[in-house]
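Each remark here refers to the structure printed beneath this line.
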Amino acid sequence: MANLDTSPTPPPRSVEIKNLHKSFGSNHVLRGIDFSVEQGEVVCVIGPSGSGKSTLLRCVNLLEKPQQGQVFVRGEDITDPDCHLDAARQQIGMVFQQFNLFPHLSALANCTIAQRTVLKRSPVEADRVARANLERVGLSDKIDAFPAQLSGGQQQRVAIARALSMDPALMLFDEPTSALDPELVGDVLTVMRKLALEGMTMLVVTHEMAFAREVADRVAFMDGGVIVEQGPPADVIGDPREERTRTFLRRVL
Ligand code: ADP
Ligand code: MG
């Protein structure tokens, strides 16, 4: 008999994490994380140094292998040994505190190289996509510059354009402005705000509380390897429920 159920299947979550545990030796860093990011959502993760924020992000593209738990990226269990990890990772763009650009390549070439080697795009197509993304981050006039000729903020924007050039479905940011001189932070946050408005799914570890408050759909506060509380920024940053969150915010605000 025909299946008469015509209700649409909801789209898979961008990221879904179930009971995630990660240890380094005897250091039990992630202690049972249940967490998800919907498509199109912007989630900021805040919390003290050492609480496991970077480790959590690195588990989302399996740069770290968890001992227990599951990570689904758009419905696919990337912790399953049978998962085609390279294909899953291609959906994820990552931007680090340190920009990690190739120093011997121009801004443009930094944005074309993985398109050509990983995605097998033609030079003409890779060039077109790279130029469009450098324009998106406000660097059309710097396409031929080498990293050493760019400010930290410009280098970080090249790193964002490089990630975007791979057409990711999800962008991970790990303290993207923490290594920048204060006067350069704004330009990078402006680019991230624009991406959020364009509907990019973003998981952002940050200490920029004003950014989290303004841009995030949801804020998660991490401490001691667990998510202590999460919710709209007005609640978690503006009126936190948990004493641990209040203590942290008193120190950073
Ligand atoms: P955060 O990003 O919140 O500052 P991290 O996830 O970087 O926290 O680190 C959490 C804990 O895990 C720390 O105790 C850190 O020393 C440890 N840790 C992180 N990465 C590694 C690693 N590759 N090897 C050993 N210990 C690590
Ligand atoms: Mg970190």
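The values are calculated or read from the model by the stated rules, or taken from the named source; none is laboratory data. Computed from a predicted model, the values in this text were never measured in an experiment. Cβ placement follows ideal geometry from the backbone for every residue including glycine, while neighbour counts extend to all protein chains displayed. Heads up: the accessible areas ignore ligands, DNA and RNA and are worked out on the full protein's heavy atoms, side chains in. Shrake-Rupley method; radii C 1.70, N 1.55, O 1.52, S 1.80 Å.
Peptides 204-213, 6-15 ranked from most to least packed by the mean count of surrounding Cβ atoms within 10 Å: 204-213, 6-15.
Each Cα pair under 8 Å and six or more residues apart adds its sequence gap; the mean of these over the residue count of region 112-184 is a relative contact order of 33 percent. With both labels modelled 7 Å from their Cα along Cα-to-Cβ, the Q67 to R246 distance reads 3.4 nm. Taking amide H positions as modeled 1.01 Å from N, with prolines and chain starts lacking one, the residues under 5 Å from I92 and 5 or more places away or on another chain are A169. With N as its number of residues, region 129-182 has a Cα radius of gyration that, divided by 2.2 N^0.38 Å, comes to 1.12. Which residue, F146, F35, F24, tops the fluctuation ranking in a GNM of the chain built on C-alpha contacts under 10 Å? Checking each option, the largest mean-square fluctuation is seen for F24. Rounded to the nearest whole Hz, the Karplus-based 3J(HN,Hα) values (6.51 cos²θ - 1.76 cosθ + 1.60, θ = phi - 60°) of region 143-155 follow the sequence 4, 8, 6, 8, x, 5, 8, 10, 5, x, x, 5, 4, with x at glycine and proline. Its relative contact order, with pairs defined as Cα atoms under 8 Å and 6+ residues apart, puts the chain at 25 percent. Using 0.36 nm per residue and subtracting the Cα-Cα separation, the extra length available between S151 and D80 on full extension is 21.5 nm.
Taking the centroid of alpha carbons for each part, region 28-69 and region 73-116 are 17 Å apart. Charged neighbours of Q149, selected by a Cβ distance under 14 Å, balance to 0 (K, R count +1; D, E count -1).
Result for the chain in a Gaussian network model with C-alpha springs under 10 Å: among N61, N110, N100, the largest mean-square fluctuation is at N100. Legend: calculated FRET efficiency, A169 to L253, from the Cβ-Cβ distance at R0 = 30 Å, rounded to 0.05, equals 0.35. Relative to the compact-globule estimate of 2.2 N^0.38 Å, the Cα radius of gyration of region 52-91 comes out at 1.06. Using the rule -39500 (n - 2.57) for each DSSP H run of four or more residues, divided by the residues of the chain, the 222 nm mean residue ellipticity is -10000 deg cm²/dmol. Note on V124 and N100: the model spin-label points, each 7 Å out from Cα along the C-beta direction, lie 3.3 nm apart. Of P147, P233, P81, the residue with the greatest mean-square motion in the GNM of the chain, using alpha carbon springs below 10 Å, is P81.
Solvent exposure of region 1-158 amounts to 52 Å² per residue of accessible area, where only protein heavy atoms count and the probe is 1.4 Å.
With only alpha-carbon pairs counted, each pair once and no self-pairs, how large is the Kirkwood hydrodynamic radius of the chain in angstroms? The answer is 19.1 Å. The mean sequence distance of close C-alpha pairs (under 8 Å, at least 6 residues apart), as a share of the length of region 1-123, puts its relative contact order at 22 percent. Per the Debye calculation on region 132-223 with a single equal scatterer at every Cα and no solvent contribution, log₁₀ I(q)/I(0) for q = 0.19, 0.20 Å⁻¹ amounts to -0.90, -1.00. Surface composition of region 130-253: carbon and sulfur atoms hold 47% of the protein heavy-atom accessible area at a 1.4 Å probe. Amide H contacts for E229 (H built 1.01 Å from N in the peptide plane; partners 5 or more residues away or on another chain; cut-off under 5 Å): F221.
Averaging Cα coordinates gives a centre for region 133-150 and one for region 213-235; these two points are 33 Å apart.
Here the gap between T9 and S178, fully extended at 0.36 nm per residue and compared with their Cα-Cα distance, gives a gain of 56.8 nm. For V42, which sequence-distant residues (separation of 5 or more, or a different chain) have an amide H within less than 5 Å of its own amide H, given hydrogens modelled in the peptide plane? Counting only residues 5 or more places away or on other chains, the set is M202, D217, R218.
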